[in-house]
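These notes concern the structure reproduced below.
The values are calculated or read from the model by the stated rules, or taken from the named source; none is laboratory data. Small disclaimer: the values here were computed from a predicted structure and weren't measured. Reconstructed Cβ throughout: ideal geometry from the backbone, glycine too, with neighbour counts over all protein chains shown. We work out accessible area using only protein heavy atoms, side chains counted, and drop any ligands, DNA or RNA first. Shrake-Rupley method; radii C 1.70, N 1.55, O 1.52, S 1.80 Å.
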Amino acid sequence: MIVGFTLRKHIARWQRDGLIDDATADRLRADIAGQGPGFGLGNVLAILGVILLGAALLSLIAANWEAMPRLVRVGLIFAVLWCGYLGGAWRANKGDRIFSEALYLLGAIAFGAGIALVGQMYHLSGDVASAALLWAGGTVVAALLLRSSTLAATSIVIAGFYLVASLEPETASRLSYIWIVPVFAVIASGLIWYTGAQVARHFLAVLALLFVCIVHFDRDVGVVLWMALIAGLGLFLLDALYPDVLDRATGWSISLGAYGFLAVQMVLLIFQFNDHIFAQTRDVMTGVVILAVAIAGLALSGHRNLAIRWSAYGLFSLEVLYIAFETIGTMIGTAGFFLTVGVLVLLLAVFVIRMERRLHRKSLVKGAAS
């Protein structure tokens, strides 16, 4: 909504300055209007309000839980659950895209709370991870039946909760997350395509990165890092060298390239600080490789992919300072170290300024050529 307002101001200025004619300005305004309101402050407030309302209702039920007959308890849980799902479907049928999704979220919250409360009421055996898995599965089914993008995103968040909860207790069955999460990721990918959930794609990418970290640190499995490194490098290079091919295949080229680059960064940093992978902790040579990857990210994708550009800047700057600390900081005093770091920061500022100018010129050349 704010972006649309800003674009309209720019269109009016371009029209006033003679950069575009009246017909082009009208077509641009019509295109902005056709995109709909988007996800604005109203959506955020509606979802936040429903979450608080759901928390209040569930807290009220929990506070009077012991004083209620069992039938009333179950009835209240189902009342909140169906109020969310059926109320959301009713609002969606009326064309309301904001409160319908908010009510769907209320239904998902009620479903999770119902699992916990019913399990407590009937003293059902099970752990938090099993309850979270059931919660995620039920939310997936609801997202499929209601074709809700919010529920698709919510199911991925719940799957992340399941993944973290699987670390406890220390039982053999908890290792099921090693195959359950990849299967869920495939199902979630289809659900994202079916519901058109744009935000859920980011949640799924974060879930994949979290999965790699947990599998490695929980099971000390190095192969998962190499797999993530290869997959991330492949996505980054596809976006950098063949963006049109990747975009035609997925419709999400820039984001996939950015998450691929993030995966490469994450794995290299784990390599650098992990004793089990390399003999020496904080390996400076790995830092040199990280610097090379950051420069490659800037050179190949920095002119068109802002996420890669700024993550590469951050990675390059932190790694330069770290290498300076490892190689110089132990040999000089505190004052000399701060002097060295100050000079390095100024040099990094010069590097970023010059690189920004070069990338800006490159993007202009690419835009003129296309």
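So here's what we get for this one:
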{"quantity": "Any chance Thr250 is β-branched (Val, Ile, Thr), open to solvent by 40 Å² or more (accessible area, probe 1.4 Å) and within 28 Å of Ile178 (Cβ to Cβ)", "calculated": "yes"}
{"quantity": "Residue within the range 235-258 that is over 20 Å from Ala307 (Cβ atoms), aromatic (Phe, Trp, Tyr) and in contact (Cβ under 8 Å) with a residue 24 or more places away in the chain present", "calculated": "no"}
{"quantity": "Trp82, sole failed condition from (1) at pLDDT 75 or above; (2) not in a helix (DSSP H, G or I)", "calculated": "(2)"}
{"quantity": "Number of positions in the range 229-247 that are surrounded by fewer than 19 Cβ atoms within 10 Å (Cβ to Cβ) and touching a Ser or Thr at 6+ places or on another chain (Cβ under 6 Å)", "calculated": "2"}
{"quantity": "The range 169-180, residues that are at pLDDT 85 or above and more than 17 Å from Val206 (Cβ to Cβ)", "calculated": "Ser176, Ile178, Trp179, Ile180"}
{"quantity": "Cross-chain or 6+ apart pairs with Cβ under 6 Å, the range 93-120 first and touching a residue at least 40 places away in the same chain (Cβ under 8 Å) and within 13 Å of Ser148 (Cβ to Cβ), then surrounded by fewer than 22 Cβ atoms within 10 Å (Cβ to Cβ) and among the polar types (S, T, N, Q)", "calculated": "Ile98/Asn43"}
